[in-house]
Amino acid sequence: MIPSLLTGTNRQTRILVADDDPVILRLLQVNFNLEGYEVHTATRGEEALDKAKEHLPDVILLDVMMPGVDGWEVCRRLKEDEATAAIPVIFLSARAQDQDRRRGYELGVVAYVTKPFDPGELIEVV
């Protein structure tokens with residue numbers, strides 16, 4: 001069990017991974033589980049918002065381009081909600097232009113990782 005660096009407790013560090021690609025979702029779930037993280041997943045923006053409130057993860061990995069509510073809007077809502085505002089958000093996206101990165105940082109993300117990505121490097125970022 002990995003102690004949570006963010007909460008100072010001995011419970012597993014919780015991570016929420018939100019991505020509409022089932023292959024990426026499974027890859028990240030397996031890799032983070034192997035590292036000792038408690039992993040929750042979501043495939044749509046609304047589901048990510050619900051799970052963030054339900055599980056209060058220590059960090060959220062969030063795809064930008066998802067059906068329904070996109071990652072931009074999910075991040076905005078997370079940062080506006082007192083219950084989830086302090087949770088670090090990392091964007092994981094194929095959108096790699098400077099304006100996309102800038103928009104992410106303006107919304108309050110702590111990191112912006114572009115696809116394709118190396119799972120080991122992503123674990124280090126987290």
Item to check | Asp98 accessible area, assembled protein chains, probe 1.4 Å, Å² | outcome: 110
Checklist outcome for this item: Cα pairs beyond 24 Å in the stretch 1-104, in percent, come to 20
Item to check | For the stretch 71-86, 3J(HN,Hα) per residue [Karplus equation, 6.51 cos²θ - 1.76 cosθ + 1.60, θ = phi - 60°, Hz, x = Gly/Pro] | outcome: x, 4, 5, 4, 4, 4, 5, 4, 6, 7, 8, 4, 5, 10, 4, 8
Checklist outcome for this item: Note on the stretch 55-106: alpha-carbon gyration tensor, axes a ≥ b ≥ c; rule is a/c under 1.5 for rounded, else prolate if a/b larger than b/c, else oblate; result prolate
Next on the checklist: At 1.4 Å probe size, with the rest of the protein present, what percent of the exposed accessible area of the chain is carbon and sulfur atoms?
Outcome noted: 49
Item to check | the stretch 48-126: relative contact order as a whole-number percent, Cα under 8 Å and 6+ apart | outcome: 29
Item to check | Accessible-area order (highest first, 1.4 angstrom probe) of the listed residues Val30, Val23, Val17 | outcome: Val23, Val30, Val17
Item to check | Point-to-point label distance, Glu80-Leu56, nm (Cα→Cβ direction, 7 Å offset) | outcome: 2.2
Item to check | Within the chain, percent of DSSP bridges classed antiparallel, to nearest 5 | outcome: 0
Item to check | Sorted peptide list for 111-121, 82-92, criterion being average Cβ within 10 angstrom, highest first | outcome: 82-92, 111-121
Checklist outcome for this item: Sorted by chain and then number, the residues having a modelled amide H within less than 5 Å of the amide H of Thr114, at least 5 places away or on another chain, are Ser93
Checklist outcome for this item: For the chain, the per residue accessible area (1.4 Å probe, Å²) is 52
Next on the checklist: If each DSSP helix of 4+ residues adds -39,500 (n - 2.57) and the sum is divided by the residues in the chain, what number results at 222 nm, nearest 500 deg cm²/dmol?
Outcome noted: -12000 deg cm²/dmol
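The values are calculated or read from the model by the stated rules, or taken from the named source; none is laboratory data. Model, not experiment: these values are computed from the prediction. Every residue, glycine among them, receives a Cβ derived from its backbone with ideal geometry; neighbour counts consider all protein chains shown. What goes into the accessible areas is simple: the full protein's heavy atoms, side chains included, and nothing from ligands, DNA or RNA. Shrake-Rupley method; radii C 1.70, N 1.55, O 1.52, S 1.80 Å.
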